[in-house]
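Q: One structure follows; several queries about it will come next.
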Amino acid sequence: MDKENDAMHAHIKKTDLHEAEPSTAKAALQKNVHGIVDWSQAQLFVTREISKLIGRSLDPAYVIGSMLQLLSEFLGLNRGRVFLFDAGRQRLLIHYSYGLNQEEIRRGVFRPGEGITGKVFQSGEMAIIQDIDAEPNYLARTVDRDRLPKGVISMFALPIIVDGKVRGVLAVNRFRGLHRPLSDDLATVRLVAAQIAQLMRIEQLVDEQVERRTAALTVENIELKKALGQQAQAGGIIGESVASRTALHQVMQVARTVATVLLLGESGTGKELFARALHEASDRRDGPFVKVNCGAIPENLFESELFGHEKGAFTGAHAARPGRFEDANGGTLFLDEVGDLPLLMQVKLLRALQEQQIQRVGGRREIPVNVRIVAATNRDLQKLVAAGRFRLDLFYRLNVVPVHLPALRERPEDIPLLVRHFLALANGRFQRQATLSHGGLEQLLRFPWPGNIRQLQNIVERLVLLAERQEIDADDVREVLQTERAVETLVGSTLPEQPAPRMMQPVRQEEKGRIVAALEECGGNKSRAAQRLGLTLRQLNYRIKVLHIGG
């Protein structure tokens, strides 16, 4: 094995996994009064860390090495090794490992069908060895038995399957003395094998494009810049900061694959613009880009909205109508606020993603769809999973490539660029020629921007509209920002607590009068009107749209 392959087995520094969440890592290994490690906490910590790794990097050496380290240090599942099949040599070789020295790595070579590893690769079936000393197929080729602890040692060996084909084998050792069920460890090792398969799938898709993309690299760069330039002209992705460049780079890195992308970030950080940029940079750019705001659809209308319905499927279904999945066929489906999906719809969405088929409400025919999913949320999905409000299997299905979109306060160096852009847009829109003084810009740079880019654009538009002179100075900006702070304080502390939303009520024509009256009583303030009606703001906006209020 050459030096490049040797480097792939370099150990990850132990501090890498502990610096991000030191308190959580420490809690994961705390012992109870009997001196026994709380394995449930350790397992929860490991599961959470594994789910984050692909979001940090797509480098297989880092991600897989970190997974194997987590298994060893926190769960005692030791000497993890990943064998991949070398078609040229017709052998299984160790590509990634933790706890093995270079000599052991070099010895870890198996033919298909040879030993436990070779048999798992050949059959595609996992193997659970209760006692390696009692298993004739355990060859002890990689690690001498004398180097392992005395006593009963078990072994897990799982196939790594990509696109229905076995690409390799994940193997770990387990000491029988651990005080937890074997099934718990098996579930964790299965998760690791699935994550490795996802990573290899992404890597494979990228590799398949390399030759073709190399020949067309110049043309692609021009197209990409053009696509991003069009987005910028429409108020899109603007920024030179490390945080914004990192997020954009991650999105573009997987744009031409079919990998599901999960955009994470606060409200107002531009998740839809990143989703559109990804679509424009993908091979699906000529297909439709369809957005679904999962937080704005009443629960009883979700299935019809996503999957469509047949004529007569329910009262008011006077004609068949395709859903958003069919609308997005051949393109990209952007599921915004995916954390607001009801649990029942999560099950149906998962099935659609797994089978790439949907069934209309009231229909019996399975309709194939070819859709690339981009999801987004400003909520912590892991907390929702822990609370039983979001399915773990759907979380893993969506969390293939998580991308964190930075808040504006995390990228202050981008504020001048954004201000110039929004100023130009506002001048064109309102037929003004306003400029911003250096002092005015300084005031904007000091503001915390809880509403992120959307709030910045609103403030710039307000400044242009209220400007009495051509140049907007520091006092003008300070006055507007003081008003903004007062509104934020009012919203955060004095508005009454919102009643529980009505999730199951369909939109009825008789609601129109109540909504119109509430809007008039609240002076057109939708937030207050929604509270008065017992609705969320998104539900109110949806009813305004459906009932054609004000339009």
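Q: Might you check whether a residue that is closer than 21 Å to residue 412 by Cβ, among the aliphatic types (A, V, I, L, M) and surrounded by fewer than 18 Cβ atoms within 10 Å (Cβ to Cβ) occurs anywhere in the stretch 432-455?
A: Yes, the stretch 432-455 has at least one match.
Q: Here are the criteria: (1) under 18 Å from the mean Cα position of the chain (by Cα); (2) surrounded by fewer than 13 Cβ atoms within 10 Å (Cβ to Cβ). Tell me which single one residue 337 does not satisfy.
A: Every listed condition holds for residue 337 apart from (2).
Q: Checking residue 390 against (1) touching a Ser or Thr at 6+ places or on another chain (Cβ under 9 Å); (2) more than 17 Å from residue 49 (Cα to Cα), which test does it fail?
A: Just one mismatch for residue 390, condition (1).
Q: Being touching a residue at least 40 places away in the same chain (Cβ under 8 Å) and among the basic types (Lys, Arg) is the filter; apply it to the stretch 75-99 and report the residue that is nearest to residue 169 (Cα to Cα).
A: Looking only at the stretch 75-99, we keep the residues that are touching a residue at least 40 places away in the same chain (Cβ under 8 Å), and these are 75-85, 92-98.
Remaining after also requiring among the basic types (Lys, Arg): 79, 81.
Working: 79: 14, 81: 8 Å.
Within the stretch 75-99, the match that is nearest to residue 169 (Cα to Cα) is 81.
Q: Please pick out the residue among 304, 244, 267 that is in contact with a Lys or Arg (Cβ under 6 Å, 6 or more places away or on another chain) and either hydroxyl-bearing (Ser, Thr, Tyr) or in a loop (DSSP other than H, G, I, E, B) (or both).
A: Working: 304 fails: in contact with a Lys or Arg (Cβ under 6 Å, 6 or more places away or on another chain); 267 fails: in contact with a Lys or Arg (Cβ under 6 Å, 6 or more places away or on another chain).
Sole residue among the options that is in contact with a Lys or Arg (Cβ under 6 Å, 6 or more places away or on another chain) and either hydroxyl-bearing (Ser, Thr, Tyr) or in a loop (DSSP other than H, G, I, E, B) (or both): 244.
Q: Could you list, in sequence order, the residues of the stretch 357-413 that are part of a strand (DSSP E or B) and touching a residue at least 60 places away in the same chain (Cβ under 8 Å)? It would help to see each step written out before you state the result.
A: Our first condition is that a residue be part of a strand (DSSP E or B); within the stretch 357-413, this holds for 357-358, 361, 367-368, 372-377, 401-404.
Once the filter is applied, which keeps residues that are part of a strand (DSSP E or B) and touching a residue at least 60 places away in the same chain (Cβ under 8 Å), the stretch 357-413 yields 372, 373, 374, 375, 376, 377, 401, 402, 403, 404.
Q: Shifting gears a bit: Quick one: is residue 445 more than 30 Å from residue 53 (Cα to Cα), of a type outside the set (Val, Ile, Thr), assigned to a helix (DSSP H, G or I) and under 33 Å from the mean Cα position of the chain (by Cα)? Before the answer, list the steps.
A: Working: more than 30 Å from residue 53 (Cα to Cα): yes; of a type outside the set (Val, Ile, Thr): yes; assigned to a helix (DSSP H, G or I): yes; under 33 Å from the mean Cα position of the chain (by Cα): yes.
Yes; evaluated as a whole, the condition is true for this residue.
Q: I've got another one for you. Pairs please, first residue from the stretch 125-140 and closer than 18 Å to residue 185 by Cβ, second anywhere and among the hydroxyl-bearing types (Ser, Thr, Tyr) and at pLDDT 90 or above, Cβ atoms under 9 Å, 6+ apart in sequence or on different chains.
A: Here the result reads 127/117, each pair linking the stretch 125-140 to a residue that is among the hydroxyl-bearing types (Ser, Thr, Tyr) and at pLDDT 90 or above.
Q: Another question, then. Filter the stretch 354-365 down to the residues that are over 21 Å from residue 260 (Cβ atoms) and surrounded by fewer than 15 Cβ atoms within 10 Å (Cβ to Cβ), then identify the one that is modelled with the highest pLDDT.
A: This residue is 365.
Q: Another question, then. Just one of (1) within 30 Å of residue 50 (Cα to Cα); (2) surrounded by fewer than 19 Cβ atoms within 10 Å (Cβ to Cβ) trips up residue 427, so point out which.
A: (1)
Q: Which pairs have Cβ atoms under 8 Å, sit 6 or more apart or on different chains, and link a residue in the stretch 257-274 that is surrounded by fewer than 21 Cβ atoms within 10 Å (Cβ to Cβ) to one that is among the acidic types (Asp, Glu)?
A: 272/336
Q: Another one. Take the conditions buried (at least 16 other Cβ atoms within 10 Å of the Cβ), assigned by TED's automatic domain parsing to the domain that holds residue 342 and either at pLDDT below 90 or not in a loop (DSSP other than H, G, I, E, B) (or both) and apply them to residue 295. Does it pass?
A: Against the criterion (buried (at least 16 other Cβ atoms within 10 Å of the Cβ), assigned by TED's automatic domain parsing to the domain that holds residue 342 and either at pLDDT below 90 or not in a loop (DSSP other than H, G, I, E, B) (or both)), residue 295 qualifies.
Residue-wise test of (1) under 28 Å from residue 64 (Cα atoms); (2) modelled with pLDDT of 85 or more; (3) in the same structural domain as residue 413 (by TED's automatic domain parsing).
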| site | (1), (2), (3) |
| --- | --- |
| 193 | yes, yes, no |
| 198 | yes, no, no |
| 204 | yes, no, no |
| 226 | no, no, no |
| 265 | yes, yes, no |
| 277 | no, yes, no |
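Q: Sticking with this structure for a sec: Going residue by residue through the stretch 378-398, is there one that turns out to be over 30 Å from residue 310 (Cβ atoms), more than 18 Å from the chain's Cα centre (by Cα), surrounded by fewer than 20 Cβ atoms within 10 Å (Cβ to Cβ) and aromatic (Phe, Trp, Tyr)? Steps first, answer last, please.
A: So the first thing to find is which residues in the stretch 378-398 are over 30 Å from residue 310 (Cβ atoms), and the list is 378-389, 392, 395-396.
If we keep only those that are more than 18 Å from the chain's Cα centre (by Cα) too, we end up with 387-388.
With the extra rule that they be surrounded by fewer than 20 Cβ atoms within 10 Å (Cβ to Cβ), the set shrinks to 387-388.
Going one step further and asking which of them are aromatic (Phe, Trp, Tyr), we end up with none.
Among the residues of the stretch 378-398, not one is over 30 Å from residue 310 (Cβ atoms), more than 18 Å from the chain's Cα centre (by Cα), surrounded by fewer than 20 Cβ atoms within 10 Å (Cβ to Cβ) and aromatic (Phe, Trp, Tyr), which makes the answer no.
Q: Would you point out which residue out of 164, 168, 113, 118 is under 30 Å from residue 254 (Cβ atoms), in the same structural domain as residue 65 (by TED's automatic domain parsing), at pLDDT 90 or above and not acidic (Asp, Glu)?
A: Working: 164 fails: at pLDDT 90 or above; 113 fails: under 30 Å from residue 254 (Cβ atoms); 118 fails: under 30 Å from residue 254 (Cβ atoms).
None of the others qualify; the one that does is 168.
Q: State whether the residues of the stretch 76-96 include one that is at pLDDT 90 or above and of a type in the set (S, T, N, Q). Explain how you work it out, then say what you get.
A: The initial filter retains those residues of the stretch 76-96 that are at pLDDT 90 or above, namely 80-86, 90-96.
When the remaining residues are screened for being of a type in the set (S, T, N, Q), the result is 90.
Yes, the stretch 76-96 contains at least one residue that is at pLDDT 90 or above and of a type in the set (S, T, N, Q).
Q: For the stretch 275-288, name all the residues that are touching a Gly at 6+ places or on another chain (Cβ under 9 Å) and either surrounded by fewer than 20 Cβ atoms within 10 Å (Cβ to Cβ) or without any contact (Cβ under 8 Å) to a residue 12 or more places away in the chain (or both).
A: 285, 286, 287, 288
Q: Test residue 454 against the criterion of being of a type in the set (D, E, K, R), closer than 30 Å to residue 334 by Cα and outside the structural domain of residue 287 (by TED's automatic domain parsing), and give yes or no. Full working, then the answer.
A: Values: of a type in the set (D, E, K, R): yes; closer than 30 Å to residue 334 by Cα: yes; outside the structural domain of residue 287 (by TED's automatic domain parsing): yes.
Considered against the rule, which asks whether it is of a type in the set (D, E, K, R), closer than 30 Å to residue 334 by Cα and outside the structural domain of residue 287 (by TED's automatic domain parsing), residue 454 comes out as yes.
The values are calculated or read from the model by the stated rules, or taken from the named source; none is laboratory data. Nothing here was measured: the structure is a model prediction, and the numbers come from that model. Every residue, glycine among them, receives a Cβ derived from its backbone with ideal geometry; neighbour counts consider all protein chains shown.
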